[in-house]
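The values are calculated or read from the model by the stated rules, or taken from the named source; none is laboratory data. If you're wondering where the values come from, they're calculated on a predicted model, not measured in any experiment. Backbone-built Cβ (ideal geometry, glycine too); neighbour counts: all protein chains shown.
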Amino acid sequence: MPVLSCARGHDNRPDLERCLTCGLPLVDYDEEAKALLRRFKGRLGSFRFAVEKILLGVGTAGKGIIHEFSHATAKTPGAVYLTVDAAEEKDTGKGKTPYIPGRNYVFRDYPPGGGLYCHIGRQVALRDEGLTGFLKNAGISQGDEHQNIIVVAATGGGTGSGAGPAVIYKAKDINPWAHTFAVAVTPSNVETDRYHFNAYYGVSSLLHFEDKPNADVIVVLNYDELRRVTGVGPSGEEIKTEGLVIAMLRMLGLDIGHAGATRLARLSQDLGIQAYVPCLGMGRSMEIFGSLPNILESAVLLPMSPVDRANVMVAYLLIRVPNRLSDVLTDRVINELFDSWAKANFPRLKASLCLITRLEEMSDRISVCILLGGDSLDNALGETKKGFQRFWTYLQKAGQLERIGLDNPTLETISRNIDFYNNNLLRWRS
Ligand SMILES: Nc1nc2c(ncn2[C@@H]2O[C@H](COP(=O)(O)OP(=O)(O)O)[C@@H](O)[C@H]2O)c(=O)[nH]1
Ligand SMILES: [Mg+2]
């Protein structure tokens, strides 16, 4: 259905030809833009619309989340949704988006069975000659200071853990100005050691890759917690599992514009804190909860990965507030309430920041995503470190390291990256 608009922005029924208020003809701007592009095709050459927000799913789970996200959100100007995977699966079981050339990338030569191991995923992604071209064609552009790139991947498999960090590395290589965010789903504690091995490798490579810091901000979501926590949508309906990731992605990927992303990324860089545990409170009614601090409290009761409050040094609040509550919850009030709540809750707090989105809605439901940084990553990763070490020992004993492209020095670097990150934080805390 075409969207017909009056040039002056008046509302009209879709079956009209002229605006009821001012009489101007109603225009289908999408069609007009296409006609314009057709007409100037030769002259415009490489003309492209600016892309500000790139949401990219890597691996089976990452791809599924981006597919669902594209169905759940209205088309947003300046935002593109992309996927990168080892195999072409027409239907991820959840999202039903068909493969779109230029939007969904499939690696050319993934070795059979290689999809299970992180290091193979990384090597395939680094060697793949088409990946950089795909990222450029999709809109990542050199020297564009206004791009946010969000890579979503589960880290238990081989593609998300290996290729996910490599995609960020390649994207930064194209546009070093871009802000990069990683949303990493870590394995459930009951998953086997191979998954934990991949996950530890994956998170380490998101921190640091080929001797360079990698993602500006890494949001760590544990798959167990994800299944445990639920939220409520604007009309009171229950949101579960993938719905929560989608709600969080909407806040992190679409709500916050370039200015907000710059503040998050800069502050994180300045403080040397890359990893964050999100705490989500979706669709909390002010009438029921009574106050914003109560809503914040309800969110931190169920963090999406284990976190020790005593170690938290930074707290970011992403918040969606319906206009109906704007008189009570002004920007100044929200900032003050959050700051004093965070200081009272986190004894070692060094910085806090609020990013506020106002919604044209009549409900009284507020959504919050609080990102907590500064605690040790080993805490957030739960059983993952032990699983990594056990699987490393097993691979060594079974003489299997080389078969999956690995060696001890590589794994020592992987391990050292996380230790280095944790030790820096420890020094700062004490
Ligand atoms: N978010 C999400 N994660 C999942 C789901 N099923 C499995 N996982 C997690 O995804 C991991 C496997 O990642 P997957 O994307 O299949 O591997 P890849 O394709 O090699 O990157 C497992 O370790 C699980 O923790 C799901 O339905 N949703
Ligand atoms: Mg897969």
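Of all the residues in the range 171-202, those that are under 17 Å from the mean Cα position of the chain (by Cα), away from ligand 2 (no atom under 16 Å from the Cβ) and part of a helix (DSSP H, G or I) number 2. Residues of the range 181-234 being modelled with pLDDT of 95 or more, β-branched (V, I, T) and within 13 Å of ligand 1 (Cβ to nearest atom), which ones? Within the range 181-234, V183, V185, T186, T192, V203, V219, V220 meet the criteria. The one condition from (1) away from ligand 2 (no atom under 15 Å from the Cβ); (2) outside any helix (DSSP H, G or I); (3) of a type outside the set (D, E); (4) buried (at least 24 other Cβ atoms within 10 Å of the Cβ) that P165 does not meet is (2). The residue that is farthest from the chain's Cα centre (by Cα), among those in the range 136-162 that are assigned to a helix (DSSP H, G or I) and closer than 21 Å to E68 by Cα, is T159. Evaluate the range 234-245: report whether one residue or more is at positive phi and among the acidic types (D, E). No: zero hits.
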